[in-house]
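The block underneath contains the structure these notes are about, expressed in structure tokens.
The values are calculated or read from the model by the stated rules, or taken from the named source; none is laboratory data. As the structure is a prediction and not an experimental result, all values here were calculated from the model. Here Cβ is always computed from backbone atoms with ideal geometry, including for glycine, and neighbour counts include all displayed protein chains.
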Amino acid sequence: MDVGKEEHHACGVDPDGQRVHDKPLPQSEAKIRAVFEALSVRGSVLVVVDQPASIGALAVTVARELGIDVAYLPGLAMRRIADLHPGNAKTDARDAYIIAEAARSMPHTLRRVGTDDDALADLQVIVGYDDDLAGEVTRVSNRIRGLLTQIHPALERALGPNVQHPAVLELLTRFGGPQGLATATRRQLVAATKPRAPRSYAKLVDAIERALTEQTVTVPGTRAAELVVPQLATTLAGLLTQRADAARQIEEMLDAHPLSKVLTSVPGIGVRTGARILLEVGDGTAFPTSGHLAAYAGLAPVTRRSGTSIRGEHPSRGGNKQLKRAFFLAAFAALSDPTSRAYYDRKRAAGKKHNAALICLARRRIDVLHAMLRTRTLYKHPTPTAA
């Protein structure tokens, strides 16, 4: 099935490669059920979709209710397989036939849609919403810093690195830009920052006062920026509150999953990274070895060799980008763990740069995580043995 928003295109082939069905299929439970039941009369059916979530979720759900196995063909694999078929046309009917033929002749290209996906559907929605909020937080933060850089660079250097701190947001919301902060007294600045930064409020106020004395001219656009900055700061504070609420919801849903304790027991894996790994990896049974998981995440090196002129291994540019980012961030957060830090330091001593050493650490941790998922055991810190 080449899924679509309003209608899919369903193409059915038998084991001999003969087409037994090739028609558009409306996005309707009754019509999807009728097609599946009609094909089930011929024998066992495997439903393969190119998008198991979002617009393909209804078809997947109906197939499961009828006891039909479901799989999906990743888009990148589909496009590569399409090059093996004659023609350059891009139609839903051709795409559906390519998906069916790939399932028949190259079943190793399919990905399993596990039965636990229903339990993770709610978590997928919340994690996706949190990702959208993270993008909005970055966009609004950059917009505030851009405005401050335009009208008062010194003030941006003082506030920009901590623009998401509650104390900084309170200052920008209450006083606005450089002109509003300049008219405020020190007592007012302290009253706005001390409840939200009890340890560093004095340092923050001093940095603001020093920055305001470094510029005496008024850059064109400052008046408008004084009106926009408080609104942006209010928006950013609201987005950060929503992200905190989403994190609590993710934590509650993650705690309800049996593999949550296994994932979060690994140093560096928190709520958000654990949820992302769980969504992308599941119980790990789809990956026979840790090498398969590393290749899927794009953390396995790619060998490039051609005669005697090209030799060596290079970082992979493919793989699951979101999973790769989660493993990378978890490895970075694990640098406080003595075992992870020692491995990182050995790679740095071998001449690798920071990012390369982190990728090596992430790859090493995949071996541990894959074994933990397979045996359902918690992480145990290695104990040194006497020589």
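Below is a table of values for the structure above.
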| quantity | calculated |
| --- | --- |
| Residue count, the range 241-271 (criterion: farther than 20 Å from A326 by Cβ and buried (at least 17 other Cβ atoms within 10 Å of the Cβ)) | 0 |
| Test: residue in the range 77-100 that is at negative phi, hydroxyl-bearing (S, T, Y) and in contact with a His (Cβ under 9 Å, 6 or more places away or on another chain) | yes |
| Single unsatisfied condition, G268 versus (1) of a type outside the set (A, V, I, L, M); (2) modelled with pLDDT under 90; (3) on the phi > 0 side of the Ramachandran plot | (2) |
| Candidates R363, R317, filtered to the one that is modelled with pLDDT of 90 or more and not assigned by TED's automatic domain parsing to the domain that holds A77 | R363 |
| Hits in the range 144-174 (condition: of a type in the set (S, T, N, Q) and within 15 Å of D206 (Cβ to Cβ)) | N162 |
| Lone qualifier among L239, L278 - being closer than 19 Å to G128 by Cβ, touching a residue at least 60 places away in the same chain (Cβ under 8 Å) and in contact with a His (Cβ under 7 Å, 6 or more places away or on another chain) | L278 |
| Positions within the range 355-379 being basic (K, R) and exposed (fewer than 14 other Cβ atoms within 10 Å of the Cβ), in sequence order | R376 |
| Among (1) modelled with pLDDT of 95 or more; (2) buried (at least 18 other Cβ atoms within 10 Å of the Cβ), the one test that G238 misses | (2) |
| Residues that are of a type in the set (K, R), within 24 Å of G238 (Cβ to Cβ) and free of Cβ contacts under 8 Å to residues at least 40 places away in the same chain, drawn from the range 148-206 | K194, R196 |
| Selected residue (only one of K324, K347 is assigned by TED's automatic domain parsing to the domain that holds S265 and either within 20 Å of G274 (Cα to Cα) or among the hydrophobic types (A, V, I, L, M, F, W, C) (or both)) | K324 |
| D22, sole failed condition from (1) at pLDDT 90 or above; (2) of a type in the set (D, E); (3) assigned by TED's automatic domain parsing to the domain that holds I98; (4) within 14 Å of A103 (Cβ to Cβ) | (4) |
| Filter result (over 30 Å from E280 (Cβ atoms) and without any contact (Cβ under 8 Å) to a residue 24 or more places away in the chain) within the range 7-42 | D16, Q18, V20, H21, K23, P26, S28, A30, K31, A34, A38, V41 |
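Here is a yes/no grid of residues against (1) over 27 Å from the mean Cα position of the chain (by Cα); (2) at pLDDT below 95; (3) farther than 30 Å from M78 by Cα:
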site: L110; (1), (2), (3): no, yes, no
site: A119; (1), (2), (3): no, yes, no
site: V140; (1), (2), (3): no, no, yes
site: R143; (1), (2), (3): no, no, yes
site: S200; (1), (2), (3): yes, yes, yes
